[in-house]
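Q: Pasting a structure below so you can have a look.
Read-outs: derived from the displayed coordinates by stated rules, not from any lab. Please read these numbers as outputs of a predicted model, since none were measured by experiment. Reconstructed Cβ throughout: ideal geometry from the backbone, glycine too, with neighbour counts over all protein chains shown.
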Ligand SMILES: [Fe+2]
Ligand SMILES: [Fe+2]
């Protein structure tokens, strides 16, 4: 590989929430592509269907818009319609550390249109407060092993609540993958950096959806539920949508990153 302009660039996009999130992704992606070359787009879309999971129709729309890989999380199985699609489509991932018997798979490899670079993507769920059934650290090792020799770079989406678990996994994988990016909290953290071993890391990239809500939910519904402690119906918010994510520039050396910067872009 040659100079800086040949460097592989990965855009990772945080949890797309509802129609506002989908609309924002589809509008902002071409704008980002005008500003900088992007070789791979990986999107966490666990909240794309009205906040609850994803459908095969929505997944196809995202792929048609140029998304290379879709990752999921604790909302993976909210729409039963998508189960067969999770088994059939290699580029949509549920956490690798779910049970073998649960629909879908947790890793894949995609090739860039231009350079023939191979990107491996692994989806993982935390064990703390999250219900990732199998131990996330050893299953990360197993998923990495399964990609050995098949990928030039690897991106890991750690979908987890506890910051300790995400930071720990970042250190655990440092020097063995290109990037470890966190999702699930819907709130971006300010700790994006390349770790000493060469892996890009951020605890959470945030969400793609309405900032005028509460984590993507209409704010009055969320506030009412917290005030009254009564069950409430949650709908996706529309007010003030932003795309949040991270742009990772890969190093020439495999499994290493040169830089990672947070991406925050209004619709
Ligand atoms: Fe989410
Ligand atoms: Fe989540």
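The rows are residues; the columns are (1) free of Cβ contacts under 8 Å to residues at least 24 places away in the same chain; (2) under 19 Å from residue 20 (Cα atoms); (3) touching a strand residue (DSSP E or B) at 6+ places or on another chain (Cβ under 6 Å).
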{"residue": "192", "(1), (2), (3)": "no, no, yes"}
{"residue": "199", "(1), (2), (3)": "no, no, yes"}
{"residue": "217", "(1), (2), (3)": "no, yes, no"}
{"residue": "221", "(1), (2), (3)": "yes, yes, no"}
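Q: Another question, then. Quick one: which residue in 206, 198 is surrounded by fewer than 20 Cβ atoms within 10 Å (Cβ to Cβ) and outside any strand (DSSP E or B)?
A: Of the residues listed, the single one that is surrounded by fewer than 20 Cβ atoms within 10 Å (Cβ to Cβ) and outside any strand (DSSP E or B) is 198.
Q: Residue check, residue 50 against (1) touching a helix residue (DSSP H, G or I) at 6+ places or on another chain (Cβ under 6 Å); (2) without any contact (Cβ under 8 Å) to a residue 60 or more places away in the chain, all met but one. Which one?
A: Every listed condition holds for residue 50 apart from (2).
Q: Out of segment 21-39, which residues are more than 16 Å from ligand 2 (Cβ to nearest atom) and closer than 23 Å to residue 160 by Cα?
A: Once the filter is applied, which keeps residues that are more than 16 Å from ligand 2 (Cβ to nearest atom) and closer than 23 Å to residue 160 by Cα, segment 21-39 yields 22, 25.
Q: If you go through segment 123-179 one residue at a time, how many are within 15 Å of residue 72 (Cβ to Cβ), outside any strand (DSSP E or B) and more than 16 Å from ligand 2 (Cβ to nearest atom)?
A: Of the residues in that region, 1 qualify.
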